[in-house]
Amino acid sequence: YWVFAFGDRGIRSLMFDSVAGFLTERAAHHLSVLAAGEAEVGFSALSNLKGGGVKERLSISVDWQWGAGSYAAGSKGQDRRIDIALFCALQDLAESRSARPFSLKAFDEPADSLDARGKEMFVRWLREEAATRGTVLLMTHSEELVSMGEWDRVLTVVLDGDGSRCEWGK
């Protein structure tokens, strides 16, 4: 009945609409640190058409307080912070539906494209996530990023003529 009454797109839209508020709230939580409250993200199951009217279409809107009025108009650093917030909001959604909490967040080169201020906000946010989550795994080539944080452990993978090895720091 539901597929017949709403169609495939309508069912997806209905399902997305049921979690859009949660995703918006969680992305805002992450952006409060990652973007110092200067960005807003909204999830919607409906899109406004240029000619007027509304269409069922999954959409994500991004608005920066200073500058970019959309994701496409943002700098690479702004886009990266939005990407991290969206990734984490989706992970929060998965965890909210899980029987067991996730005690790990893993990031591979997340600070690419971030300027110095963006990296500072990111490191502050990582510390908060580690305190809440338990474990944050950060993979990076950036010595600057490693030196900015007060990490419990640093594992360096060294590649040389003899192959690779791991060295523990701090």
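The values are calculated or read from the model by the stated rules, or taken from the named source; none is laboratory data. Everything numeric in this text was worked out from a predicted model, so none of it was measured. Don't worry about glycine lacking a Cβ; one is built from the backbone with ideal geometry, like all the others, and counts go over all protein chains shown. Surface areas here come from the heavy atoms of the whole protein model, side chains and all, with no ligands, DNA or RNA. Shrake-Rupley method; radii C 1.70, N 1.55, O 1.52, S 1.80 Å.
Tabulated values for the structure
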| quantity | calculated |
| --- | --- |
| Debye-sum result for the chain in log10 I(q)/I(0), which assumes one identical scatterer on each alpha carbon, at q = 0.09, 0.12, 0.15, 0.16 Å⁻¹ | -0.41, -0.67, -0.93, -1.01 |
| Between 0 and 90°, nearest 10: helix 116-133 axis offset from the chain longest Cα axis | 80 |
| Gyration tensor (alpha-carbon) shape descriptor, region 9-62, a/c threshold 1.5 | oblate |
| Most to least packed among 47-57, 116-126 [average Cβ atoms within 10 Å] | 116-126, 47-57 |
| Exposure rank, largest accessible area first [His29, His141; 1.4 Å] | His141, His29 |
| Fraction of antiparallel bridges per DSSP, the chain only, in percent to nearest 5 | 75 |
| Overall form of region 27-106 per C-alpha gyration tensor (a/c, 1.5; a/b vs b/c) | oblate |
| Accessible area of the chain belonging to carbon and sulfur atoms, whole % at 1.4 Å probe | 54 |
| 1.4 Å probe accessible area per residue over region 108-170, in Å² | 69 |
| Helix-only CD estimate at 222 nm, as mean residue ellipticity for the chain, using -39500 (n - 2.57) per DSSP H run (n ≥ 4) | -15500 deg cm²/dmol |
| 5 angstrom amide H check on Ala39, placed H, neighbours 5+ away | Gln65 |
| With DNA, RNA and ligands ignored, accessible area of Leu138 (1.4 Å probe; Å², nearest 10) | 40 |
